[in-house]
Structures are given as structure tokens and as C-alpha cells.
Amino acid sequence: MTDIMLEARGLTIGYGGKLVVRDVDLTVRRGEIACLIGANGAGKTTILRGLSGLLKLRAGSVRLNGEEIANRSAHAIAARGMAHAPEGRQIFAAMSVADNLRAGAYLAPSAAEIGRRRDAALTRFPRLKERLTQQAGLLSGGEQQMLAIARALMADPKLLLLDEPSMGLAPLMVEEIFSILAALKSEGRTILLVEQNANAALALSDQAYVIEAGRISLEGPARDLIDHDGVSAAYLGG
Ligand code: ATP
């Protein structure tokens, strides 16, 4: 067993003729949270989509728990333990909350295991328990975000990718989402987080990467980046 859960080297990703991520190296250690911060359009979402197999890599290698997964299908990567809660939540709006959760566990080995994960999800997200039979599209934005995280956790992933979990939410709900992330961290989950809310993301994370125009401009322990003058001026309102 290695203590490195994710090791990406030379990630290069684009759309059509345009490269938007160039030569990015990322490491996420087991049991830690790493975050990607940076301006809109810097390429953070594209990096997550490349890692989880939703976009093809132009170049680079990705090792998950020691196994090379670069350019495997999204399904194969999910089966190896990566779950991706995408930007904009992308829950199945016409389906019930319960069916969304079940969909997240489509690779689970048994019905008993699905039940165990569902119980854990509903203990963690009591609001979802009250709304199990409701259509997911009728949930509030914060509840939909909880469902997106809960659905990803139903895969019992080795690595959880979270894209902007606080986006568009009211301040109290942002706090609630970050306290859920802190609880996941204290339980030993390994997470790669993309966040606009750089203050909260850096406070929560172990390692941080600043992405500018598709490249890493700065990286280090998150607590060091909080004190970094350039990061503070550009992203922390300091
Ligand atoms: P945001 O916080 O706004 O989502 P981001 O850092 O996640 O920003 P990306 O969404 O990865 O950035 O976008 C990186 C660049 O790729 C941007 O210039 C964007 O316009 C471009 N891009 C994103 N999706 C596509 C697409 N489907 N086709 C073409 N270009 C795209």
C-alpha cells in the first residue's frame, strides 16, 4: 500500500485545437485533502474531468493507488475507486433522491452493501432522509449539492473529486457543506477539491495548488499558501 493515492504527471488537456491544461503535476496523499484554486477559466474543472476520464488526456500519466489509469474509460476509472461530484451538481433531476443515491452505488458488490452505504449517507445527510421519495430536481440548491456529494460517496471511493461544492449557495449552507467536508476529512477520506472559496478551501486542505492559465503557478502546504502574499492578494481578498 502506498501513501500516495493520486499521482498525476504532465497532465495536458484541451478542447478541439485549444490546450487549456499544460504539464500539470498533482499529488494527493491518502487521507488528505488537496485543493485547486484559481480564477474562473484557469482550467480546474478541466483537470478534474481529465482525471476521471470524462475528457481524454493529450499527454500525461495518472496513477490511482499505484495503478496507471490515464485514458481509461470513465467507467473503468470509477471501478478503480475514483468518484467525481461534478460542477453544477448534475444530479438526476427527474429521479427521486433514493434513486439518485442508488445510482451512485451501481458498482457495489451486493444489496447489503448498498443498504449499508445508504444508511451511512442518510445519517450524514439527515435532510436527504426526510426527502427520500421526492424528485431530486425539487430540492434546494444546498440539498442538491448534498445529494451530489452523497451520491459520490455511495461509490465508497478511494478518491473523491469535488468540483465547486459551495458554488451558488447561501453563506449558511456554504458553512454546512464545509463542515461536512471537514467531517469527511476527519474520517480519513481522500479528496481533491476545486473551490472558488479559497479561504475556506485552504483552511480545510493539507496541500494546495494555484492554477493560472492552465498551469500550476504555486503549490505547497495549504497553510503556507494562506500566508503567501501573492495568493492573499489574488484570491483571499487580502
Ligand atoms: P470555472 O471556475 O469558471 O469553472 P475552471 O478553472 O474550472 O473555471 P475550466 O472550466 O476548466 O476552468 O475552463 C478552462 C478553459 O477551457 C476556459 O478557457 C474555458 O472557456 C475552456 N473550456 C471549458 N470547457 C470547454 C468546452 N467544452 N469546449 C471548449 N472550451 C472549453
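A few points about this structure:
- Sub-6 Å Cβ pairs linking a first residue in the stretch 106-131 that is at positive phi to a second residue that is open to solvent by less than 70 Å² (accessible area, probe 1.4 Å) and aliphatic (A, V, I, L, M), at least 6 apart or interchain, number zero.
- Residue among 101, 55, 122, 51 that alone is within 16 Å of the ligand (Cβ to nearest atom), more than 24 Å from residue 206 (Cα to Cα) and modelled with pLDDT of 95 or more: 55
- The single condition among (1) open to solvent by 10 Å² or more (accessible area, probe 1.4 Å); (2) in contact with a Lys or Arg (Cβ under 6 Å, 6 or more places away or on another chain); (3) within 30 Å of residue 131 (Cα to Cα) that residue 61 does not satisfy is (3).
- Among the residues of the stretch 178-209, those identified as more than 11 Å from the chain's Cα centre (by Cα), buried (at least 22 other Cβ atoms within 10 Å of the Cβ) and more than 15 Å from the ligand (Cβ to nearest atom) are 202, 205.
- Scan the stretch 1-48 for residues that are under 17 Å from residue 210 (Cα atoms), among the small types (Gly, Ala, Ser) and within 8 Å of the ligand (Cβ to nearest atom) and the total you get is 5.
The values are calculated or read from the model by the stated rules, or taken from the named source; none is laboratory data. In this text, all values refer to a predicted model and were calculated from it rather than measured experimentally. A quick note on method: Cβ atoms are made from the backbone with ideal geometry, for glycine too, and the neighbour counts reach across all protein chains shown. The protein model used for the area step is the full one, side chains on, heavy atoms only, and it has no ligands, DNA or RNA in it. Shrake-Rupley method; radii C 1.70, N 1.55, O 1.52, S 1.80 Å.
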